[in-house]
Amino acid sequence: MASTVEKLEKSVVAISLEATREEFEAGMKKSYEKNKKKFQIPGFRKGKVPYQMVIKYYGEGVLYDDAIDAIANEQYVAAVKEHDLKVVSRPDLEIQEINENGMKYTIKVTVQPDVKLGAYEGVEVPYSKREVTDETVNKEIESMAKRNASMVEVTDRPVKDGDTTVIDFEGFKDGVAFEGGKGENYTLVIGSKSFIPGFEEQIIGHNIDEEFTIDVTFPEDYHSEDLKGAAASFKVKLHTIKEEKLPEIDDEFVKDVSEFDTLDELKADIKAKQEERAEKDAKNMFENEVVRVVSENAEVEIPDCMVDTEVEQMVQQQAQGMQQQGIDLNMYLSYVGQSLEEFKESMKPMAQVRVKSNLVIDAISNELKIEATDDDFKAEMETIAKAYGMNVEDVEKAIGGTSAYLRESIVARKTVEYLAEKAVKVAPKTEEAAE
């Protein structure tokens, strides 16, 4: 089978292919075998009509679609391999002719675009690392204490900011109760900003069993059309006041919440882990910045289909992440008044950045001939196995057909690490350091 490739506009190519009459007849026979149960001619049982009778009775065109698919699929795969094409779009098939000599056709596809690399070794990139101090260590210990705090009921004072209250409430607009504005034995943390502006603040200063009225104005962007910007009043009854009681931070507290015996041991461990996190975060930020700079130095015309594919993947990742938190993406978009198409459109700039970065890293790895060795692959398997508590053999079975993708990921990571090693670390500007 002979095939030729012609470059068209942007990154589109046309693959010219042809099938001999014998190859086309073989495709027709495959189509007949696939569809013969559909044909029925008087004098023959359904599914038993001979091939030639199908052609005579229905015309050979009735078998064309599946015949063309059978021929084109096989020849297309072979042509992509022969010409080493990196296809990034679905194939678009166009028939030129079908006659006694066979079939001639073209398949148009978008391929991975060429990248014109700029400077990528020795680029200057800001580097900064988060400082670990006694204050950052103490903040983490305070967070531990807060997570282990108990709620204590208060009876000898009015509500103050930060208290947890239990209230009944009912909302009225122009003296008429509105839908969704009523609650009983509702737990509300004062200062949480979970209610409309001004509501929580007006509970401060009131005492248990007190009944009072709160006047508020709904925000202009409120989700209910009837209540947008509207003045309203709430009748409120306060049932309970609770405050957070923090445990005393001492050696006994440390024994209760950790594997350590003393506060000093806990502080030392937290400081070491914060240092490790700060180092890792700084490394990741530096590598990301290196990729950004190197990508900006390169030139590439990105096909729209690659951006669209990246957007679809980003939306899927977003939906999965939200689902893990019990949030449905479509419901969320409906709540914020955004359509799925608008949401996708908002993701295109980030998708373009990702696609360009991936293309540039791929081009650099090819130019430098960076590869994923068997040792690299084995180490990756061991890392995954350790992370998921599996043995390496089971990980290899689970990965199966995606091993090529994993090797590409290893190559990309090694390329980024190489670029980071070659990059020159410079002090960030004041505003960059703050960010």
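The values are calculated or read from the model by the stated rules, or taken from the named source; none is laboratory data. For clarity, every value in this text was computed on a predicted model and none was experimentally measured. Note: ideal-geometry Cβ built from the backbone for every residue, glycine included; neighbour counts use all protein chains shown. Quick note on the areas: whole protein, heavy atoms, side chains included, nothing else; ligands and nucleic acids left out. Shrake-Rupley method; radii C 1.70, N 1.55, O 1.52, S 1.80 Å.
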Seminar exercise, completed: With every protein chain kept in place and a 1.4 Å probe, the chain has an accessible area per residue in Å² of 64 Å²
Problem set entry | Local net charge near residue 194, Cβ-Cβ under 15 Å (Lys/Arg +1, Asp/Glu -1) | -3
Exercise. Name the trypsin sites (Lys or Arg not before Pro) in region 147-256 that are in a loop by DSSP and that have at most 11 other C-beta atoms within 10 Å, would you?
Worked result: 193
Exercise. How many nm separate the modelled label positions at residue 129 and residue 292, each set 7 Å beyond the Cα in the direction of the Cβ?
Worked result: 2.1 nm
For this session: Calculate how steeply helix 263-297 sits against the longest principal axis of the alpha-carbon atoms of the chain, using the helix alpha-carbon long axis, and give the answer as 0 to 90 degrees to the nearest 10.
Result: 40 degrees
For this session: Provide the net charge surrounding residue 419, with neighbours chosen by a C-beta distance below 14 Å and charges set as Lys +1, Arg +1, Asp -1, Glu -1.
Result: -3
Problem set entry | Whole-Å distance, taken between Cα centres, linking region 290-334 and region 63-116 | 29 Å
Problem set entry | Potential extension, residue 94-residue 339 segment - 0.36 nm per residue separation minus Cα distance | 84.7 nm
Seminar exercise, completed: The helix 134-147 Cα axis meets the longest alpha-carbon principal axis of the chain at an angle in degrees, between 0 and 90 and rounded to 10, of 90 degrees
For this session: At most 11 other Cβ atoms within 10 Å and a DSSP loop assignment: could you name the GluC sites (Glu not before Pro) in region 129-198 that fit?
Result: 131
Seminar exercise, completed: In this structure, the FRET efficiency calculated for residue 367 and residue 211 from their beta-carbon separation, with R0 = 51 Å, to the nearest 0.05, is 0.10
Seminar exercise, completed: Candidates for semi-axes √(5λ) of the Cα gyration tensor in Å are [x] 37, 29, 18; [y] 39, 26, 23; [z] 61, 37, 23, and the calculated one carries label [z]
Exercise. How far apart, in nm, are the 7 Å Cα→Cβ label points at residue 84 and residue 237?
Worked result: 8.1 nm
For this session: Tell me what the chain gives for mean residue ellipticity at 222 nm when only DSSP H runs of n ≥ 4 count, each as -39,500 (n - 2.57), the sum divided by the residue total, rounded to 500 deg cm²/dmol.
Result: -15500 deg cm²/dmol
Problem set entry | Percent RCO, i.e. relative contact order, over the chain, from Cα pairs under 8 Å lying at least 6 residues apart | 17 percent
Exercise. If contacts are Cα pairs under 8 angstrom and at least 6 residues apart, what is the relative contact order of region 32-119 in percent?
Worked result: 16 percent
For this session: Report the trypsin sites (Lys or Arg not before Pro) located in region 363-396 that are in a DSSP loop and have at most 15 other Cβ atoms inside 10 Å of their Cβ, or state none.
Result: 369
Exercise. When the accessible area of the chain is split by element with a 1.4 Å probe, what percent falls to carbon and sulfur?
Worked result: 47 percent
Problem set entry | C-alpha long axis of helix 403-422 to longest principal axis of the chain, angle in ° | 60 degrees
